[in-house]
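**Q** Questions regarding the structure given below will be posed in turn.
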Amino acid sequence: MAPWTRPTDEVLAALEGAVPELSQLLEAADGADMYVVGGTVRDLLLGRGRTDLDIAVAGDAGEVASRLGGALTGHERFSTATVQLGAARIDLGSTRRETYSAPGALPDVAPAGINEDLSRRDFTVNAMVLPLGGADPNLLDPHGGRSDLAAGVLRVIHDRSFIDDPTRALRGARYAARFGLEPDPETFALLRQTDLGTISADRRRSELLRLTAEPMASEAIALLGSWGIVDLPPGAQRLAEKVAEQMAGHPWSALADRDRALLAVIEGDLGPAPALAAATPASPSESVELARGASPEELVLARALGADWLESYVTDHRHVVLEINGEDLIAAGVPEGPAMGAALSDALRRKLDGEISGREAELEAALAAARG
Ligand code: CTP
């Protein structure tokens, strides 16, 4: 369903409501033109709340940031700074142009006016600005972002967009899933030609982690596959849905990192999960033996692949510990060494399988094992 957008005066009122400190921001600009930009404008038009605010200054963003005081994190290369203003995090950048020395390279930036700044951006829906404090508070929307947003269209601003920065194709899948957008035919053709091979593994990974962090991550993953941006392993889409489902409830939500588990699905990096899913442990101790070395994400992947037995492992068996320890065995005359560890393991196995219970029985079992 195409998103609905609201009128500009409502947007401004929402902005003032969300950031009562707006006047401080304008003061700090000291006469330089200042704009609300990017996803902030998009989200305000959609009536979605945000805790961060993207602001562009036609001037030195670093100076504005230092006038504002507060916690400041400078990112010099891209002439941006972050300040905390009341409850809002403000990301400040200088209006700029970006050029790319090679496909996938980080951009070289130079100061430029707001129109050039808008034309360097990824999608029309992210290339609208709301001027602050000036005489004309109207939305500046030279690329038709507002009507694209209302019509549910994902559209690039220029046809080198994914060549300059292939992470934008991943961003595109994220926005399409989140807002129910569909690429226009030209953007779709460009998406299909995207080569993620020109960016580093780190950039690819961090952009994918932004995608998997979305509530609609499974849909976004499916788009990566159907647009041909990522070669998904067979069954990845279904597995992503199952993982997301699993991660929405107890006990998995508190155990594993959903974003990383979904990333593993995209990368086909399932570790021992398929083997765990194929296993049929005959007893609690066997399930502990099998699952012990796996990471929480591998466990949720295995559960999503069908390892039902992991439910009781996770809620119950993995928490079982002995009441006795090595000192109890030493006190009972068992010499320190590997035999002691084996004896404790044996007692734990028997406890897990319900053969013994209570401290005395544990000690007896461990001593029997230690004495062979
Ligand atoms: N941008 C871009 N190309 C990129 C990354 C960002 O053109 N590869 C521009 C877009 O205009 C985007 C803005 O920079 O709107 C800010 O980027 P970012 O903070 O990553 O996204 P948001 O717009 O805040 O959107 P969201 O966090 O909701 O994804």
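We did not get these values from a lab; they are worked out from the coordinates using the rules stated. Remember, it's a predicted structure, so these values are computed and weren't measured experimentally. Virtual Cβ from ideal backbone geometry, glycine too; neighbours counted across all protein chains shown.
**Q** Treating the angle as unsigned and between 0 and 90°, give the value, to the nearest 10°, between the Cα long axis of helix 217-226 and the longest Cα principal axis of the chain.
**A** 70 degrees
**Q** Grab the beta carbon distance between ASN115 and ASN325, set R0 = 45 Å, and tell me the FRET efficiency rounded to 0.05.
**A** Details: r = 71 Å, r/R0 = 1.58.
Calculated transfer efficiency: 0.05.
**Q** Still on this structure: Please give the length that would be gained between ASP60 and ARG238 if that part of the chain were fully extended, namely 0.36 nm times their separation in residues minus their C-alpha to C-alpha distance (nm, one decimal).
**A** Full extension from ASP60 to ARG238 adds 59.3 nm.
**Q** Which one, ALA88, LEU352, GLY144, projects farthest toward the positive side of the charge dipole computed for the chain from Cβ point charges (K/R +1, D/E -1)?
**A** GLY144
**Q** Residues with amide H under 5 Å of ARG97's amide H, sequence separation 5 or more or different chain, H placed in the peptide plane at 1.01 Å from N; which?
**A** Residues meeting the amide H criterion: ALA110, ALA112.
**Q** I want the antiparallel fraction of DSSP beta bridges within the chain, as a percent rounded to 5.
**A** Here the share of antiparallel DSSP bridges comes out near 75 percent.
**Q** Multiplying the sequence separation of ASN138 and SER283 by 0.36 nm and subtracting their Cα-Cα distance, what value in nm do you get?
**A** 45.4 nm
**Q** Quick one: angle between helix 236-247 and the longest Cα principal axis of the chain, in degrees between 0 and 90, rounded to 10, please.
**A** 70 degrees
**Q** In addition: Per-residue ellipticity at 222 nm for the chain, helices alone: DSSP H runs ≥ 4 residues times -39500 (n - 2.57), over residue total, nearest 500 deg cm²/dmol?
**A** When only DSSP H runs of four or more count, the value is -14000 deg cm²/dmol.
**Q** Over the chain, what number does the Rg to Rh ratio reach, with both radii from the alpha-carbon atoms and Rh per Kirkwood?
**A** Rounded to two decimals, Rg/Rh equals 1.15.
**Q** To the nearest 0.05, how large is the calculated FRET efficiency for GLU336 and ALA361 if R₀ is 22 Å and r is the Cβ-Cβ distance?
**A** Using R0 = 22 Å, I get an efficiency of 0.45.
**Q** Tell me the angle of helix 8-18 to the major Cα principal axis of the chain, expressed in degrees between 0 and 90 and rounded to the nearest ten.
**A** Helix 8-18 sits roughly 50 degrees off the main axis of the chain.
**Q** Let me make sure I get this right: for the stretch 272-372, a, b and c are the square roots of the gyration tensor eigenvalues over alpha carbons, sorted descending. Under 1.5 in a/c it's rounded, otherwise prolate if a/b > b/c, else oblate. Which is it?
**A** prolate
**Q** Going from the alpha-carbon gyration tensor of the stretch 182-302, what semi-axes, largest first and in whole Å, does one get by taking the root of 5 times each eigenvalue?
**A** Here the semi-axes work out to 31, 14, 13 Å.
**Q** Assuming R0 = 30 Å, what is the FRET efficiency of ALA254 and ASP202, from their Cβ-Cβ distance, to the nearest 0.05?
**A** Working from the Cβ atoms, E equals 0.60.
**Q** Enter the Cα centre distance for the pair the stretch 153-218 and the stretch 220-270, rounded to the nearest angstrom.
**A** Here the two parts' Cα centres lie 17 Å apart.
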